[in-house]
């Protein structure tokens, strides 16, 4: 008999037979009656065994079954207002498909709280908790929403190599690989490749893929392997791609709010859809705003300084919603960033959530000579970028783009404390397993 | 004025103004009239400059423009049956956005044939050819079709780590990484993680992601970085997931045939949708079939032998359509493969195209003791798999799954000679750039 998810059954099916499969979430033996709560991906079902009306064999099975064992139950659906989903199953057959050892490494009901590290060590068990599963159902749904958005906007999916010969930004935060006796690296960003695709005439491209950064950060908002959502678009300026970005963020919030009601309720959160357009402040205005506070920490700030995490926090507190910081100092941005008419300033932006930076983007340089001079000015060697620079020699459109961190988007939308909660099997300086 | 794609304009818009952007594909100066063919992602448009009726400035620009430069043209749409799309543009304004150097590294009209290696060296230019672009439009479309298929079938997307501590199958074909002074590897397959997700209760999962194999193959059908389409499904046997796989293949062919007419015509190919169910032959039948041919190469084959590339070719020639080879010798398959009642044989399958293997899958072992004994039997150390084995201790459903190579699917569907043609920037033993 075809199995069904617990959520596919409702009280109107009373009298019908059904087969359910899942985990033994709880067993309550009340003497005359035993309740077994079965859990599957979509919810819970109550299997009811009244001692007098159930075969002794079934009672024997249930007596010896351990919590979290996997079972298959076939029985008759009966209406029961008090049970999850408004129905119970009176079983004809119960088969144990896999016995669970005890003690369990974690409490899957979540009644006993565990540290994140302990949870990640036994991630297979941690993920059985509905409020953890909910994060990953939302993650899957968000990815689907983003891809549909790109499709509607005429973007083509690309897949660029993750094994590369050169650092994107010449930084040192690279993981080295041994590639058939040659030196290679894990890609930090699809940046150079998505720009090459502009020269290739793909016009508008997107990629959602892992990026790898060997940064020695040990914070709640950094990962060494993360998922980057990237676009690049020809004949667009930085305002154009900022509009795409804010529309995308609003669409994601809207869709999750509308379609993931159960998951949001499992997480016990509500989300507010941000209004668009997002507020835009220039880097210069951000510096002035910080200096205008009473906080002595910011009184020494000068134009050109990086905005530290505490600057970001203060701005987030003052602004209180998503916003863009635009027009960054040219020297604070990567070499491929287009300078404005005043060459000290660049046509660039960061998308900020009050808690942290989510995305970074800009108009790109498409003039080869300017690009080479910027690579030089950053102290990098243009020769290492030959494969990239060639694409600027034979007709390349003006273009703009951005990269958005998927885990940061999820973390801020769902109010997660630690970015690791948004990844199934996070990788950081200390963690390489599971 | 908002730019439009060439394909967004049709003769019914005659008299309207339009702005087009793209590459100078060709210029034909016939004395009294000059034709400039502009190319964008969606097609071609003819810009017509009759000497007597066009401003001298425009003629001057066109005279000095090089092929493959990027331009922006604003003009009036006029019906013209002989022009691409049935219209021409009478320009009011032409701006050169980026000059192309000459000579060009490749002929983007494809009239001059180039070797694949030369094409890949100047991939940005090669991709401008409509028949190359068509492959990647189809690739993008195929990925979208596959994801929608998984969504319809109740699968959840997962993203598993690409930096791992242990080889999936204990093989040696791994790229080593230096990970904060520890040894790590690039993931060969999401296999162990997608099985852990079965223990986590996700029921049905999919992932489309890069896989990395340090195999020293130098053939037209191997890549060292490829894209793997993976599923894993609980409470399903190997027949269940074979049905999903053949339905998916048929869906992809059907959708591409229906929705990618222009791209198929740019590639100058027709595709036939394969009938389902695909033919199934057991490994034993495959051996018998090969031995029954006159070919002396196969007369020495004995049960348990690998099927070499020439075996695959001969079977493909005899069968002539997609087929499954099932029930492989247990010892020829990875340790996680479920043996049948006769333990010499496994509940496994390969999906074959007449040209090559496309996918591989099986029912998986979910009994911990059997799994450990199979790891042992393969000469591997169960201790290295502790993070994986723990997930089998606390209730794990029976499950099955497969992995399908995206590039092989595209290569066989589109009749490409070399698998590298299905990747934007292929990685192989010799190629690490662009």
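Every number here is computed from the coordinates shown, using simple stated rules; none is lab data. Since the model is a prediction, treat every value here as computed from it, not as a measurement. With ideal geometry, Cβ positions are generated from the backbone for all residues, glycine too; neighbour counts draw on all protein chains shown.
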Distance from segment A:1-57 to segment A:244-313 (C-alpha centre basis), Å: 46
Segment B:6-98, relative contact order [Cα under 8 Å, separation at least 6], %: 35
Selected from A:299, A:332, A:66 as most flexible by GNM, with chain A as the system and alpha-carbon contacts under 10 Å: A:299
Relative to the other copies, what are the label-point distances for residue A:299, with labels 7 Å from Cα along the C-beta vector, expressed in nm at one decimal and sorted shortest first? 9.8
Rounded, prolate or oblate: which one fits segment B:205-306, using the alpha carbon gyration tensor with axes a ≥ b ≥ c (rounded when a/c is under 1.5, else prolate when a/b beats b/c, else oblate)? rounded
Ratio Rg/Rh, restricted to segment A:27-117 and using Cα atoms, in which Rh is the Kirkwood radius: 0.99
Calculate the mean, over all residues of peptide B:263-272, of how many other protein chain Cβ atoms lie within 10 angstrom of the residue's Cβ. 0
May I ask you to sort B:322, A:64 by Cβ crowding, counting other Cβ atoms within 10 Å and putting the fewest first? A:64, B:322
Dividing the convex hull volume of the alpha carbon atoms of segment A:243-376 by its residue count, what do you get in Å³ per residue? 133
Determine, for A:106, B:223, A:318, the number of other Cβ atoms within 10 Å of each Cβ, and report the residues in order from fewest to most. A:318, A:106, B:223
Out of A:283, A:336, A:87, any idea which swings most in a Gaussian network model of chain A, alpha carbons joined below 10 Å? A:87
10 Å Cβ neighbours from other chains, averaged over peptide B:201-210: 5
Taking chain A and dividing mean pair separation by its residue count, relative contact order in percent (alpha carbons under 8 Å, at least six apart): 13
Taking B:112, B:273, A:423, B:73 and counting other beta carbon atoms within 10 angstrom, the fewest-first order is B:112, B:273, B:73, A:423
If you average the alpha carbon positions of segment B:137-202 and of segment A:109-141, how far apart do those two centres end up, in angstrom? 19
Classify segment A:172-255 from the C-alpha gyration tensor, please: rounded if a/c falls under 1.5, else prolate or oblate depending on whether a/b exceeds b/c. oblate
Label-to-label distance, nm, for residues given as residue B:81 and residue A:33 (7 Å Cα→Cβ offset): 8.4
Any idea what angle helix B:309-319 forms with the longest principal axis of chain B, computed on alpha-carbon atoms, 0 to 90 degrees, nearest 10? 80
Quick note, segment A:123-199: a/c under 1.5 would make it rounded; otherwise a/b > b/c is prolate and the rest oblate (a ≥ b ≥ c, C-alpha gyration tensor); here it is oblate
Since chains B and A are linked by a rotation, which residue in B has the beta carbon closest to its axis, and how far is it in Å? B:177, 3
Cα long-axis angle, helix B:238-259 against chain B (0 to 90 degrees, to the nearest 10): 10
Which peptide among A:400-406, B:45-51 comes first, and what is the full order, when sorted by highest mean count of other Cβ atoms within 10 Å? A:400-406, B:45-51
Centre separation in Å (Cα based) which lies between segment B:350-380 and segment A:343-421: 43
Using a Förster distance of 45 Å, how high is the FRET efficiency between residue A:257 and residue B:239, based on the Cβ-Cβ distance and rounded to 0.05? 0.65
With label points built 7 Å along Cα→Cβ from the Cα atoms of residue A:217 and residue B:178, find their separation and express it in nm. 2.3
With -39,500 (n - 2.57) per DSSP H segment of 4 or more residues and division by the full residue count of chain B, the 222 nm estimate, nearest 500 deg cm²/dmol, is -8500 deg cm²/dmol
Binned at 10 Å from zero, the C-alpha pair distances of chain B give percents of 4, 18, 24, 21, 14, 10, 7, 2, 0
Which whole-number percent of Cα pairs in the protein assembly as shown have a distance greater than 52 Å? 21
Taking each residue in B:81-92, count the Cβ atoms of any other chain within 10 Å of its Cβ, then average. What number comes out? 0
One decimal, nm, nearest first: from residue B:12 to the same residue in each other copy, label points 7 Å out along Cα→Cβ, the values are 4.3
In a Gaussian network model over chain A where Cα atoms closer than 10 Å are linked, find which of A:295, A:224, A:181 has the largest mean-square fluctuation. A:181
